[in-house]
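Here is the structure we will look at.
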Amino acid sequence: MNNVIGIVNFHSDPEISPLTDSRPLGSTSFLGRYACCDFALSSFCNSGISTVGILVKDKLRSVLKHLGSMDAWVTNTKIGQEIIMYNEPAHLHPETNTDINNIRENDWVLYDSDASYIVIAPTHIIASIDYRPILAEHIARKDKVTVVACRVADPRKEFLHEALLTVNPSGYVEDVEDNDGSVSSPCLASLGIYIVNRTVLADMIHRYAAKNPTLSLSSLIYAVGREEGSTRPHVYVYDGYVRCIDSFRHYMEYSFELFDEQKGRSLFKDDFPIFTLTHDTQPAIYGKDAKVTNSFIANGAIVEGTVINSIVARNVKIAKTAVVKDSIVFSSTMIGDGATVSNALIDKYSIITRSHKVVGTASSPVYVPQGAIL
């Protein structure tokens, strides 16, 4: 798809403290080997979108560390490219460090490109989306803006602070409201994914963004759509597996639900793989007394103890009499002899010392910060 540019939008990530204190959600580990942004990047790659801009809001080091050379997501090495888009002048001014101002600072995407369409996707939406049929519908309908949404059974419990859409009989957005948890009936929730004709987006930003430097991209799209009927977004309803990481609790819950084979297969498809940064790491090593049940264990881990219903990332060491249950352990962490970790997330480079207990509950998991020694 040489006439399409993809944009991965880190600006729309929710802040999930303390997990995102030192990293954006997009570069946060997921399932022990991926990062959350891998799903947006892989969807572009698998859809044949070979030119991708990556809108980074802050914590640039974490993003660059995960992306590396970015070769994992470029399928066309002759014309494919991924470009970091960072608004350095706005870095110290959070109120104007918006996705729109980032695009204005990196306006090659609007004015130096021959692409006809721009697809913008966030990093906190976990899904594997083929954009080819969505683009085909957008083009066939001659729409200027398409928003991708999904059906939500109970918006009090999911897609919090995302846009809830009211759609008219023709499929266009009639009204938008922020999901504050007060709506109980089934509805459509935006995935924060937009397909916009490049020249239309350039015109929107040129006419409106300078007047309101704190405006976000989603606010701009819906505001212009209300004022100008010709740019009213049409809604494409995606009915595949999709989850919105809007809280620490949901991060944990959606990680563990992928132990379910049916849900796992609906996200990880043989013909639509999820790519990530590759590491030259040996396979996981299991001691003769190791006991592992229903868990994801990444390469490079050394497991000599017991692991149950847990996610263990690269280069984690779990000692012989240690027990890890219903927990997530980030990379390069050590769990000592006799230690117990239950219903917890242990951030990377941490050490849980001999016989120490880190115990939470399913409804209130414990978080151990990066580099902690307990």
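Couple of notes before you dig in:
- Screening the stretch 342-362 for residues that are small (Gly, Ala, Ser), assigned to a loop (DSSP other than H, G, I, E, B) and touching a residue at least 24 places away in the same chain (Cβ under 8 Å) and picking the one that is surrounded by the most Cβ atoms within 10 Å (Cβ to Cβ) gives 350.
- Conditions (1) out of contact with any Ser or Thr (no Cβ under 8 Å at 6 or more places or on another chain); (2) surrounded by 17 or more Cβ atoms within 10 Å (Cβ to Cβ); (3) at pLDDT 95 or above: number failed by residue 294: (2)
- Within the stretch 97-129, the residues that satisfy the criterion of being in a helix (DSSP H, G or I) and either crowded, with 17+ Cβ neighbours inside 10 Å or free of Cβ contacts under 8 Å to residues at least 40 places away in the same chain (or both) are 99, 100, 101, 102, 103, 104, 105, 108, 109, 110.
- Filter pass, residue 43 being farther than 27 Å from residue 198 by Cα, modelled with pLDDT of 95 or more and crowded, with 22+ Cβ neighbours inside 10 Å: no
- Among the residues making up the stretch 59-73, those that are farther than 12 Å from residue 84 by Cα, modelled with pLDDT of 85 or more and of a type outside the set (Gly, Ala, Ser) are 59, 65, 66.
- Subset of the stretch 145-169 that is part of a loop (DSSP other than H, G, I, E, B) and touching a residue at least 60 places away in the same chain (Cβ under 8 Å) - its residue that is farthest from residue 221 (Cα to Cα): 158
- Checked against the criterion of being over 27 Å from residue 267 (Cβ atoms) and β-branched (Val, Ile, Thr), the stretch 228-236 has at least one qualifying residue.
- Boolean, residue 202 is within 27 Å of residue 130 (Cβ to Cβ), of a type in the set (Gly, Ala, Ser) and touching a residue at least 40 places away in the same chain (Cβ under 8 Å): yes
- Test result for residue 330, closer than 21 Å to residue 23 by Cβ, modelled with pLDDT under 95 and aromatic (Phe, Trp, Tyr): no
- Residue pairs meeting the criteria (Cβ under 7 Å; at least 6 apart or on separate chains; first over 24 Å from residue 7 (Cβ atoms) and not assigned by TED's automatic domain parsing to the domain that holds residue 346, in the stretch 20-33; second hydrophobic (A, V, I, L, M, F, W, C) and surrounded by fewer than 24 Cβ atoms within 10 Å (Cβ to Cβ)): 31/258; 31/296; 32/296; 32/298; 33/298
The values are calculated or read from the model by the stated rules, or taken from the named source; none is laboratory data. Keep in mind it's a predicted model, so treat the numbers as computed, not measured. Don't worry about glycine lacking a Cβ; one is built from the backbone with ideal geometry, like all the others, and counts go over all protein chains shown.
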